[in-house]
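Some notes on the structure that comes next.
Readers should treat all values here as calculations from the given coordinates under stated rules, not as data from a laboratory. All values derive from a computational prediction rather than experimental measurement. Every residue, glycine among them, receives a Cβ derived from its backbone with ideal geometry; neighbour counts consider all protein chains shown.
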């Protein structure tokens, strides 16, 4: 080996060591370094088992004033007529059991609620997040995403200048992917809590749409037909994405597929909502391939084009967002990549009941 090659190798080693040291220093200085994504290839979990879910919003129906938890709010604004409420002046961390029940009911009714100035809630830490989430249901452990070390109950989304652990499809012309979280589970999430620990200076918004409103826009005969149908929701593609080495390369639980009604009924409000999403819905049971694809693509197109049924959440430090996965769909907007800034989010995801068909007696086959 020549002297020049030896010097070059030594220089590369020093540069590598400097880079690693710089990354370690950055993580040590980052306030939420303890909540960064962690991936352990040896970490495995058994298949999820069914459980009985009692929605806390049902208890609030018996309260004298189901909106009492908002009585001291400084400001309550409807984001749109059909979807979303923004609140200032209410501390989520201070809500008692009755207040949390009332919150669950209002999130079910409005689909989406945005609470500003919740620094105390965000800084309370993992044990507080666990106690909060368990009030609303059994906490879901995601099969592939990153989670904080020793806390698999929290799903993380993360992107910075050098890495991303989001579920992104590089070959797509858009980052907009409408979905309802992990709808492939037998008992998908109900009320979900999400907040950003690190917010880019601009961009990184989240879009939401009302699946109850998208259903109401369709003609009565067409809705009657949709109510007779069910569809397969699959986690196979998401697992394959991780097995390819991306998003941390970890699959903690084997992927599942389950059949859910195309139109579901909310267990508390009784409201009916469209329940298909481009990310996880794969085919309609009983239809020919071309029929299924045509119908699903029509519904996906309807959801994505209905801007008058959507709300856009612009993040700011201290924001906590809650939505009901049974009556909404959402999509992250990954438009901040060129800024080389960090976007670090944490999701608390309680599971709910198996989707209830809007059509009474609809049989859901087992795969």
Next item on the list: Kindly express, to the nearest 10 degrees and within the range 0 to 90, the angle between helix 97-110's C-alpha long axis and the longest C-alpha principal axis of the chain.
Entry: 80
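Full-extension gain between residue 120 and residue 298, please, as 0.36 nm times their residue separation minus the C-alpha to C-alpha distance. Intermediate results must be reported in sequence, preceding the final value.
Details: separation 178, 0.36 × 178 = 64.08 nm, distance 4.35 nm.
My answer for the length gained is 59.7 nm.
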Check: For the chain, what does -39500 (n - 2.57) per DSSP helix run (n ≥ 4), summed and divided by total residues, give at 222 nm, in deg cm²/dmol to the nearest 500?
Finding: -8000 deg cm²/dmol
Next item on the list: Please say if region 194-316 is rounded, prolate or oblate, where rounded means a/c under 1.5 for a ≥ b ≥ c the square roots of the C-alpha gyration tensor eigenvalues, and otherwise the choice is prolate for a/b larger than b/c and oblate otherwise?
Entry: oblate
Next item on the list: Could I have the simple spin-label model distance between residue 30 and residue 305, label points 7 Å from Cα toward Cβ, reported in nm to one decimal?
Entry: 4.1
Next item on the list: Could you sort 211-221, 98-108 so that the peptide with the highest average Cβ count within 10 Å comes first and the rest follow in order?
Entry: 98-108, 211-221
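By count of other Cβ within 10 Å, fewest leading, how are 348, 356 ordered?
On the way: 348 23, 356 16.
If I rank by nearby Cβ atoms, fewest first, I get 356, 348.
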Check: Roughly what angle does helix 3-29 make with the longest principal axis of the chain, taking Cα atoms, 0 to 90 degrees, to the nearest 10?
Finding: 40
Notebook entry, point to check: For residue 333 and residue 68 in one chain, what is 0.36 nm times their gap in residues minus the Cα-Cα distance, to one decimal in nm?
Noted result: 92.0 nm
Note to self: Output the 0 to 90 degree angle, nearest 10, between the alpha-carbon long axis of helix 289-305 and the longest principal axis computed from the alpha carbons of the chain.
What the structure shows: 80
Checklist line | Calculated FRET efficiency for the pair residue 48/residue 134, C-beta based, R₀ 22 Å, to 0.05 | finding: 0.90
